[in-house]
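Inspection log for the structure reproduced underneath, given as structure tokens.
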Amino acid sequence: MSVITKPLRRETEHLYLPIPCKIVSVRDLTPMEKLFRIQMPDGQELGHKPGQFIQLSILGYGEAPISVASSPTRRGYFELGVRNAGTLTGALHHLSEGDEVGIRGPFGTFFDVEKLAGKDLLLISGGCGLAPMRSLIQYCQDRPEEFGKITILYGAKTPSERLFKEDLVDWARSPAFACKYAVDCVPGDGCFDEGEIGLITVLIPPLKIDVQKTIAVIVGPPVMYKFVIAELKKKGMTEEQIIVSLERYMKCGVGKCGHCAIEHLYCCLDGPVFWLNQISGLRGAI
Amino acid sequence: MRRTLTTCPYCGTGCQFYLVTNGEGKLVGVEPSSNHVVSKGQLCVKGWNAFNFANHPDRLTVPLVRKNGNLVEASWDEALDLIATRLKEVQDAHGNDSVAFFSSAKTTNEENYVMMKLARAVFKTNNVDHCARLCHSSTVAGLAATFGSGAMTNSISCVEKADCILVTGSNTTEQHPLIGTRIINAVKGGAKLIVADNRKIRLANFADMHIRWENGTDVAFLNGLMHVIIKEGLADEEFIRTRTEGFDKLKEVVEEFTPERTAEICKITPVEVEKAARMFAGAERAMIIYSMGITQHTHGVDNVKSCANLAMLTGNVGKEGTGVNPLRGQNNVQGACDLGALPNVYSGYQKVTDDGVRAKFEKAWGVQDLPGNVGLTVTTAINAAADGTLKALYVMGENPMMSDPDQHHVRDALEKLDFLVVQDIFPTPTTKLADVVLPAACFAEKDGTFTSTERRVQRVRKACDPPGQARQDWEILADLARRMGYDGLTYSSPKEIMDEITRVTPIYGGMQYDRIDQVGLQWPCPNRDHPGTPVLHVGKFARGLGLFSPAEYRPSAELPDDEYPFVLSTGRCYFHFHTGTMTRRSRLLDREERFPYVEVHPDDAKRLNIHDRFPVMVSTRRGEVKALARVSDIVIPGHLFMTFHFEEGAANVLTNNALDPVAKIPEYKVCAAQIRGV
Amino acid sequence: MKRATTEQLRTFFASLQTEFDVYVPVKLHDGTRVLGSLSEGPLALEGGKIPQKPTSVFFPQFDKVFVVDEQSKFQMAGPVAKPIMVVGFTAQDLDCLEFIDKFFSENYRDDIYFNKRDGSVVVGVSGRCGKDGEFMKIAGGKCDIELIYDGERFVVQAYTDKGRQLSERLVAPDSEAPAGLMDALSRESDALPTDDEDTIDKASDLIRAGKVPEDFWDDIASRCIACTSCNLACPTCTCFEVYDRKQNGKMVRQRIWDSCQLDGFMREASGHNPSGRQMQRTHRRIHHKLAADVERWGHKTCMVCGRCDDVCPTEIGMKSVCKMIVERFS
Ligand SMILES: Cc1cc2nc3c(=O)[nH]c(=O)nc-3n(C[C@H](O)[C@H](O)[C@H](O)COP(=O)(O)OP(=O)(O)OC[C@H]3O[C@@H](n4cnc5c(N)ncnc54)[C@H](O)[C@@H]3O)c2cc1C
Ligand code: FES
């Protein structure tokens, strides 16, 4: 099997040339993460699909892949939820409204909403994984009629490390979603009344799902996948029903630099969104 | 596109490669030399990336002079005139020896020669030294005493001819990668390998015996081997009788080092001692390879002498595939020593205390009154600065703030100086303290020679121009000499300097550029017809008879106790070089190791609740440093290992400034430390 | 069909320098053969493959991605001013070039590569001019011109229009190849042993069939010192690292050859590293060319040029490893 995805975006003359875009607002998500709302020049749309990523540049600091955290149904801008993890992301955290960043993309595979149409969705994310998942959740929020029952599971280390706290509350209130949240622990004398205390896997056994009709989507830190998949399998779900989005060190985003290879697949081209059965046998994938 | 054959600026292996220069005159790559005797078309990761730091925007490009507390840009004239005036003032007020010069193992032979000539002929002081003090001064002292010549006795090619190789205190595959690989290949070809090193280095995977002794018990271990060898009649009696002296004294000293006693001191088993002794002595050709794990101790000279004793005892000197082979850490540390950037000798190890030698140099240099007293070493100069007797220091291409032990002490010392000049290619913690900073050319921007660890003098060639106003080190020094009113340091090119070197330096007598154009020659090479010397001491030692120089076991200066229960050892990692000024500015190398780290054994980590890749604080009596824990069984329980590449986690804040009494080398390999999670 | 002497070829290449940026095998200072310009040293067509990968002419160790000047204006390099002409590809090298052309053009087209590659002229070298006089396989295509050495002169075979037009300008009087010469050379080429290729094929099959156990990779990995030479010498290795550097007020985004043998190659910002162990990296180096690429591209991407074996200081290049695999696990 040769899995080669065709680029979504028209080939530009210069593959590696970023397009300068304006930051229109910056919001703190946690002490480590900020949400950047960005506009393309001349009122263009980014033209992405939920689950895709862009390559974000700050000149002099480099370039890094960042998932788009907003749905294409929200027009006129797109959002990036970014953790301060190093050189580039650290520099980004120093930028504010009106500053420019470079964008290439969107790149990669996406949550194929056409294939998900009519299905019950089980959207499971952990930690930073909520950023890419949010693009799909927002999409579902805007077009609930396209899907069956939608369940959102989210786990984070502590209550304060949870991303998109207002969204979480909002989604929990929305009739479109059933939401279940967890945190690993509550430090000091804090409290957590929005869900369970424990790993995200504790949220799965009590769920009532229609196994035939459900598709699960998982995005989270590397350690999470194995355990969540095991729980889902216990529920009777198969690898054909599970979608994962993976993270890899990426330099080019377009299948050239080689850093993101998982055996014969390139995470930037053939991923980051994979059906589990595409990758389950591959070394180092999960 | 242009390609220039030159020598690698990192370790002392002496690989050659071509630097690739593009049409704009910028370095854009490296291509190995397929025909080079050592590298044979191969390179290590540092070599492949050796072009990458030269264009870094951090390069120093203009002279800087401190004004109102700040370093500000100045012209060369202003900077050099200021240096000339100030050094003269200091000497007039406090005497000639109130000024010292640190030469550099990173610069060329020609530049080291010019530096030592500047110090001696112009400033009339023998206060000239360089970082060999910190790595192999014990080798120079120890091997000079036993064999009469302080360098690697054999050639790198001998590795593949040995039947047994004892590697001790050398992480060869990381520090001298291409020599390390020759060892691996030798083992694959049937040679026996004994690794005596408590870290589980890569070579340990291939070793017939990996002896994880307690750090700092080297003398006891080597004496233990010799005890067994003598007792079991495995010594080479013919060799001892015809080639050496002092055997009886050795016999007497090692008598007490029974396998049991040795094992107790080294915390190994008596069987290991016996087995290693038989393996080494039983081999037709046995070779000792060592590096800083032997030298950087308060008993470094004793360690070196004991290695020499072992080699003589088993007749393993003066033939291929044998010998005592100290691997020199820097590209040109051998050359810097050879060219007399040492406080006691001129080029070619000619003693400053010898009247005849002084008279010869006075004549050659057209000066009078060359000083006859032995000068200050790098380590004693820092101490002298701290106690106020040294007033001015000129540092060329060294970073004592990070490379010397006990950083707080070094800072105090350098801050006390009336005048500090630092000549370098990048800003360093040392340049921050300087009164004048001079921008220098890096290896790719100059001509000259480096001498590799196997005593091979090889060409360095200019592949691109230095950035901004940076100049070659020898040009700067010569310009300063002119401003001091001396015209004996005026040269048109490094070739002319080498011609002078060959005239005054017997071991370099035949090293003219035309002879080493393609393949370097190994010293001693006394004249134009001499083919060079791949193996030293063939038939006869440099000093005549080899002198057995037995040593008693002395524990390290600072041993662990309740307060500081760990033994801390320091060294390098594969991807970085020394204080990191070049490798941390090379993209791929920097990416590999970005943070200071400390290796700690899993048992200790568990007990102290320390987690892999989480920050910890390492402290000693000198200070404390934050680093990331690397939980690994590379180290034995109770031991810690740190590298000294990182300014933000400088291992030399921690190290002990205890010196070997003879060589004045600091004890980087053992000090007492504490570690805790943060 | 013309035949030309080395001297005639030298004159021919020199005459093309006004139109092309000409790279030919030259002998440097200490005898090392590289692809360089005629001014760098004597033309050295004989001696077998060039140690350096010839594909580096199109994909060099270091390249600029773009420059942002003092006025914050982006400058992307366009096609090279003078097209490139490279002489010295062996048959195996041409297979490699064919693959990386495909690699750099599929899905997304790497314009930096094609800025150099487009419009270039590629000249193969084969025949009786290998190392120590060995016969080098005749490519029979995949290049514009092939120079096939008959022991005295190079038979000039053009395979493309561009190649034919150029070779017409080669001056080589009275040099028509005698009848039957090319047939003889072709027979000699066809008769070359294919032991190395067979070993690699067998190893590829064994790996793909899951016959190579984990501890084998551990064993090989313990000998890897991460010098990265295997990757940097490999004509089908295309991995690169990208980083920014400021230079004289400008900002330059640059790329350099990277190596999957380095721990940092896949290490993510979180610290997670899918190839965090030496053994995983060693496995990847071999598996990628012999199994993963078969899956992706339909063929192996080791063309058996032997460069990684030449540069590996501990003898664990592709051929050596495959030999061990075949010996142990067949
Ligand atoms: C498909 C994909 C989607 C992604 N989506 C997102 C997203 O939506 N949001 C998001 O936040 N991330 C996302 N990431 C991860 C993101 O790409 C990385 O965090 C980013 O590449 C880090 O780049 P950097 O230059 O900031 O870090 P680097 O400088 O490359 O840092 C790497 C490492 O160095 C350490 N480091 C560097 N500098 C410092 C310093 N000064 N102090 C301490 N440690 C330091 C970091 O801790 C880290 O371990 C995504 C990755 C992929 C592959
Ligand atoms: S990110 Fe470069 S190949 Fe995938």
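Sort segment B:245-310 into rounded, prolate or oblate with this rule: let a ≥ b ≥ c be the square roots of the eigenvalues of the Cα gyration tensor; rounded if a/c is under 1.5, and if a/c is not under 1.5, prolate when a/b is larger than b/c, oblate otherwise. Note, shape of segment B:245-310 comes out rounded. Distant-in-sequence amide contacts of A:Gln52, defined by a placed amide H-H separation under 5 Å and a gap of 5 or more residues or a different chain, comprise A:Val68, A:Phe111. Legend: ranking of residues B:Leu225, B:Leu250 from fewest to most surrounding C-beta atoms inside 10 Å; resulting order B:Leu250, B:Leu225. Across peptide C:240-252, the mean count of Cβ atoms from other chains lying within 10 Å of each residue's own Cβ comes to 6. Calculated on the alpha-carbon coordinates, the convex hull of segment B:214-341 measures out at 124 cubic angstrom per residue. Normalised by 2.2 N^0.38 Å, where N is the number of residues, the C-alpha radius of gyration of segment A:113-245 stands at 0.99. Peptide C:54-64 is shielded by partner chain Cβ atoms: per residue, an average of 3 of them sit within 10 Å of its Cβ. The label point for C:Ala81 and the one for C:Ser15, both projected 7 Å from the Cα toward the Cβ, are 2.5 nm apart.
Within segment C:93-223, the ratio Rg/Rh, alpha carbon atoms throughout and Rh by Kirkwood, equals 1.09.
Shown here: segment B:112-270, whose C-alpha atoms stretch 57, 38, 32 Å along the first, second and third principal axes, sorted largest to smallest.
Semi-axes of chain A's equivalent ellipsoid from the Cα gyration tensor, sqrt of 5 times each eigenvalue, largest first, rounded to whole Å?
The equivalent ellipsoid of chain A has semi-axes of 28, 23, 18 Å.
The number of Lys pairs in segment C:157-316 with C-alpha atoms less than 16 Å apart, excluding pairs fewer than 8 positions apart on the same chain, is 4. Which pairs in the list C:Lys116/C:Lys142; B:Lys40/B:Lys192; B:Lys161/B:Lys251 are over 26 Å apart, alpha-carbon to alpha-carbon? Where the Cα-Cα span goes over 26 Å, the pairs concerned are B:Lys161/B:Lys251. For chain C, the share of DSSP beta bridges that are antiparallel, to the nearest 5, is 70%.
Taking only Cα atoms and a 10 Å spring cutoff, compute GNM fluctuations for chain A and point out the largest among A:Gly60, A:Gly155, A:Gly105. Of the options given, A:Gly60 has the highest mean-square fluctuation. Contact order for segment B:2-55, expressed relative to its length and based on alpha carbon pairs under 8 Å spaced 6+ residues apart, stands at 30 percent.
Using the structure shown, select from B:Lys351/B:Lys540; B:Lys231/B:Lys351; B:Lys275/B:Lys540 the pairs with a Cα to Cα distance greater than 28 angstrom. Long pairs (Cα-Cα over 28 Å): B:Lys231/B:Lys351; B:Lys275/B:Lys540.
Highest mean packing first, where packing is the average number of other Cβ atoms within 10 Å per residue, the peptides C:100-113, B:640-653 line up as B:640-653, C:100-113. Among beta bridges identified by DSSP and lying wholly in segment B:566-677, the antiparallel ones come to about 65 percent.
Figure legend: label point modelled 7 angstrom from the Cα of B:Glu255 along Cα→Cβ; residues of segment B:263-295 with amide N under 20 Å from it are B:263.
Could you list B:Val114, B:Val631 so that the one with the fewest beta carbons within 10 Å of its beta carbon is first and the one with the most is last? Numbers along the way, then the final one.
Values: B:Val114 30, B:Val631 21.
The most exposed by this proxy come first: B:Val631, B:Val114.
Here the Karplus relation 6.51 cos²θ - 1.76 cosθ + 1.60, evaluated at θ = phi - 60°, turns the backbone of segment B:66-82 into coupling constants of 6, 10, 6, x, 10, 7, 10, 5, 9, 7, 4, 4, 4, 5, 6, 4, 4 Hz, with x for every Gly and Pro.
In terms of Cα to Cα distance under 20 Å, which aspartates and glutamates are near enough to C:Lys27, apart from those fewer than 8 places away along the same chain? Hits, sequence-local ones excluded: B:Glu31, B:Asp514, B:Asp517, C:Glu7, C:Glu40, C:Glu46, C:Asp93, C:Asp132, C:Glu134, C:Glu152, C:Asp310. Near B:Leu640, the amide H atoms lying under 5 Å from its own belong to B:Val567, B:Leu568, B:Ser569; only residues 5 or more places off or on other chains count, and H is placed 1.01 Å from N.
Legend: mean number of C-beta atoms from other chains within 10 angstrom of residue C-beta atoms, peptide A:242-250, equals 3. For B:Thr244, B:Thr262, B:Thr581, the sequence from fewest to most other C-beta atoms within 10 Å is B:Thr244, B:Thr581, B:Thr262. The three principal axes of the C-alpha atoms in segment B:512-566 carry coordinate ranges of 62, 31, 13 Å, sorted with the longest axis first.
Rounded to the nearest Å, what's the spacing between the alpha carbon centres of segment C:202-270 and segment A:197-224? Just the number, please. The distance from the Cα centre of segment C:202-270 to that of segment A:197-224 comes to 35 Å. Whole-Hz Karplus values for segment B:12-17 come out as x, 4, x, 5, 10, 8 Hz, taken residue by residue from phi with 6.51 cos²θ - 1.76 cosθ + 1.60 and θ = phi - 60°; glycine and proline positions read x.
With the gyration tensor restricted to C-alpha atoms of segment C:59-166, the semi-axes of the equivalent ellipsoid amount to 33, 14, 13 Å, longest first.
For segment A:12-106, what percent of Cα pairs sit more than 22 Å apart?
18 percent
Working value for chain B: equivalent-ellipsoid semi-axes of 37, 29, 25 Å, each the square root of 5 times a Cα gyration tensor eigenvalue, largest first.
Scoring B:495-505, B:428-438 by mean Cβ neighbours within 10 Å over their residues and listing the highest first yields B:428-438, B:495-505.
Compared with the dominant Cα axis of chain B, that is its longest principal axis, helix B:407-416 is turned about 30°. Using 1/(1 + (r/R0)^6) with R0 = 25 angstrom and r between the beta carbons of C:Lys102 and C:Lys162, what's the FRET efficiency to the nearest 0.05? After rounding, the FRET efficiency stands at 0.80.
Highest mean packing comes first when the peptides A:94-103, A:250-259 are listed by Cβ atoms within 10 Å, giving A:250-259, A:94-103. Using a/c under 1.5 as the rounded threshold, could you call chain C rounded, prolate or oblate? The axes a ≥ b ≥ c are square roots of the C-alpha gyration tensor eigenvalues, and prolate needs a/b larger than b/c, oblate otherwise. Oblate, since a/c reaches 1.5 and b/c is not below a/b.
Here the spin labels are modelled as points 7 Å beyond Cα on the Cα-Cβ line, and at C:Glu295 and C:Thr194 they lie 2.6 nm apart. Between C:Arg277 and C:Lys202, residue separation times 0.36 nm minus the direct Cα-Cα distance comes to 24.4 nm. Seen against the Cα atoms of chain B and their longest principal axis, helix B:355-365 is set at about 40 degrees.
As a ratio to 2.2 N^0.38 Å, the alpha-carbon radius of gyration computed for segment B:227-282 takes the value 1.19.
What shape does the protein assembly as shown have by the C-alpha gyration tensor, where a ≥ b ≥ c are the square roots of the eigenvalues, rounded means a/c under 1.5, and otherwise prolate means a/b greater than b/c and oblate the rest? It is prolate, given that a/c is not under 1.5 and a/b is the larger ratio. For chain B, the longest principal axis of the alpha carbon atoms and the long axis of helix B:137-146 meet at an angle near 60°. Segment A:Asp99..A:Ser280, full-extension length gain: 61.0 nm, with 0.36 nm per residue of separation and the alpha-carbon distance subtracted. Only helices enter this figure: runs of n ≥ 4 DSSP H residues, each worth -39500 (n - 2.57), summed and divided by the residues of chain C, yield -9500 deg cm²/dmol at 222 nm to the nearest 500. Normalising the average separation of contacting C-alpha pairs (under 8 angstrom, six or more residues apart) by the number of residues puts the relative contact order of segment B:153-327 at 33 percent.
Across chain B, Cα pairs under 8 Å and at least six residues apart give a relative contact order of 20 percent. Placing one equal scatterer on every Cα of segment B:2-55 and applying the Debye formula, the log10 ratio I(q)/I(0) at q = 0.24 Å⁻¹ is -0.87.
Summarising the overall dimensions of segment C:194-329 from its C-alpha atoms, the Rg and Dmax are 16.3, 58 angstrom. The lysines whose alpha-carbon is closer than 22 Å to the alpha-carbon of B:Lys106, local same-chain residues fewer than 8 away aside, are B:Lys26, B:Lys46, B:Lys117, B:Lys432, B:Lys446, B:Lys462, B:Lys495, B:Lys664.
Computed from the coordinates by the stated procedures, all read-outs in this text should not be read as laboratory data. Given the structure is predicted, the values throughout are model-derived calculations rather than measurements. Positions of Cβ are generated from backbone atoms using ideal geometry, with glycine treated the same way; all protein chains shown enter the neighbour counts.
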